1. Quick one: compute a quarter of the convex hull surface over the Cα atoms of the chain and quote it in nm².
2. Using Cβ contacts closer than 10 Å as the measure, can you line up Thr3, Thr75 from fewest to most?
3. Sorting Trp28, Trp74 on the 10 Å Cβ count, fewest up front, what's the list?
4. Find, to one decimal place in angstroms, the Kirkwood hydrodynamic radius of the stretch 3-46, where the mean of 1/r is taken over every pair of different Cα atoms and then inverted.
5. So, with +1 on the Cβ of K and R and -1 on the Cβ of D and E, and no other charges, what is the size of the charge dipole of the stretch 2-81 about its Cα centre, to the nearest 20 debye?
6. Could you tell me the calculated FRET efficiency between Ala41 and Glu8, based on Cβ-Cβ distance and R0 = 25 angstrom, to the nearest 0.05?
7. Which distance in nm do the two modelled labels at Ser69 and Lys18 give, with both placed 7 Å along the Cα-to-Cβ direction?
Amino acid sequence: METAAIDEGIRVGAAFDKGKAKPIWFLWRNRYYKVGAINFAWSSDCGSAKIRHYSVTAGANMYELCFNSLTLEWTLSKVCSG
């Protein structure tokens, strides 16, 4: 499996349940990706911001999506393909 660091801003469609975001789809480089499964989710701290990480599957690849609770911005952190 090949992993590439991306760290680019993305648009995400998400549902919120009990105060937590659940990504449903994301738009990266003008391409739409439907999230098939959330494999794992965890949190980390970055200064005063809490970052929520999601390992998701879309198609044949896995992606790490990150939500910054301070700026309310989403980032595509990594892509795993192969």
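1. Dividing the Cα hull surface by four gives the mean projection, 5.3 nm².
2. Details: Thr3 12, Thr75 18.
If I rank by nearby Cβ atoms, fewest first, I get Thr3, Thr75.
3. Working: Trp28 19, Trp74 23.
Starting with the residue having the fewest Cβ neighbours, the order is Trp28, Trp74.
4. This gives a value of 12.2 Å.
5. Using Cβ point charges on Lys, Arg, Asp and Glu, the stretch 2-81 gives about 300 debye.
6. Efficiency at R0 = 25 Å is approximately 0.80.
7. With each label point 7 Å from Cα toward Cβ, the separation is 1.5 nm.
Every number in this text was worked out from the coordinates using simple rules, so none of it is lab data. Since the model is a prediction, treat every value here as computed from it, not as a measurement. Counting neighbours? That spans all protein chains shown, and the Cβs are built from the backbone with ideal geometry, glycine included.
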